[in-house]
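In what follows, a single structure is set out as structure tokens and then discussed.
The values are calculated or read from the model by the stated rules, or taken from the named source; none is laboratory data. All values reported here derive from a predicted model rather than from experimental measurement. As a convention, Cβ positions derive from the backbone with ideal geometry for all residues, glycine included, and neighbour counts pool all protein chains shown. Surface areas here come from the heavy atoms of the whole protein model, side chains and all, with no ligands, DNA or RNA. Shrake-Rupley method; radii C 1.70, N 1.55, O 1.52, S 1.80 Å.
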Amino acid sequence: MEYLWDGTKVNPFGRAGIDLNFRLSDAVSLVVEGNANILSDHYNSKKAGNADWYFNALVGLKINLGKAYNTITTDVYRDVVVYDTIWKDAPKPVVPEKIEPIRRDIFFTINSTVIVEAEMVKVEDIANYMKKYPNAKVVVSGYADKGTGNARINARLAAQRADVVVNCLKEKYGIAEDRITYDSYGDTVQPFAENDLNRVSICIANPE
């Protein structure tokens, strides 16, 4: 055959192949690879009048070391599901009920110690609170307005206004005496800026 060294060092070529992967187990696969190469007749510097062909065939084993990715995903998912189930079934923590104190202002008319019907509703609110919370206690404070009467009269009125509320809680609603504390301030203390509102008994009940 004739040698063809003409100074050209770049020649076209073509290549085709196939790669087959046969899974034998979770960790082992059989790999078969074949390829064919076609080159210019000038490739081997010998003129034969036809293209040059090269064929390769490879057979081997592919081994995956460690757990496969899909196995890890399945395990993680299972763990999440189990954890979620345990969390849902776990008893919820018991949060103690926060009980707020209650205040009611029972107002009286001038020079009076009688609880009118509209104000009696407020006394009933205090009584219901005391019944709902057996450990609750109530403080009743009587007052008189400084704008009318005198200190002696107002001291008497304030004390009687506290007494009438206490007696109503005990006798009408059955609240035990040891759960009630009461006092009166005459006109020495004015809880409200408006004079007439100081004809009042203020009741504050606390849960314990």
| said: Test of the criteria: in region 116-208, which chymotrypsin sites (Phe, Trp or Tyr not before Pro) are in a DSSP loop and have at most 15 other Cβ atoms within 10 angstrom of their Cβ? | reply: Y173, F192
| query | Plugging the Kirkwood radius over Cα pairs into Stokes-Einstein for region 113-162, at a temperature of 4 °C and a viscosity of 1.567 mPa s, what D comes out in µm²/s? | reply | 103
| query | Amide H of S184: which non-local residues (sequence gap of 5 or more, or other chain) have their own amide H closer than 5 Å, using H built in the peptide plane? | reply | G142
| query | Compactness ratio of region 114-208: Cα Rg over 2.2 N^0.38 Å, N = residue count? | reply | 1.08
| How much accessible surface area, in Å² rounded to 10, belongs to the heavy atoms of K132 with a 1.4 Å probe? | 140
| said: Report the gain in length on full extension from Q190 to N206: 0.36 nm times residue separation, minus Cα-Cα distance, nm rounded to one decimal. | reply: 3.5 nm
| request: Please work out how much accessible surface L20 shows to a 1.4 Å probe, ignoring ligands, DNA and RNA, in Å² rounded to 10. | output: 70
| Spin-label pair A36/E117, simplified geometry with 7 Å Cα→Cβ offset, distance in nm | 11.3
| note | The answer for A136, listing residues at least 5 apart or on another chain whose modeled amide H is closer than 5 Å to its amide H, is none
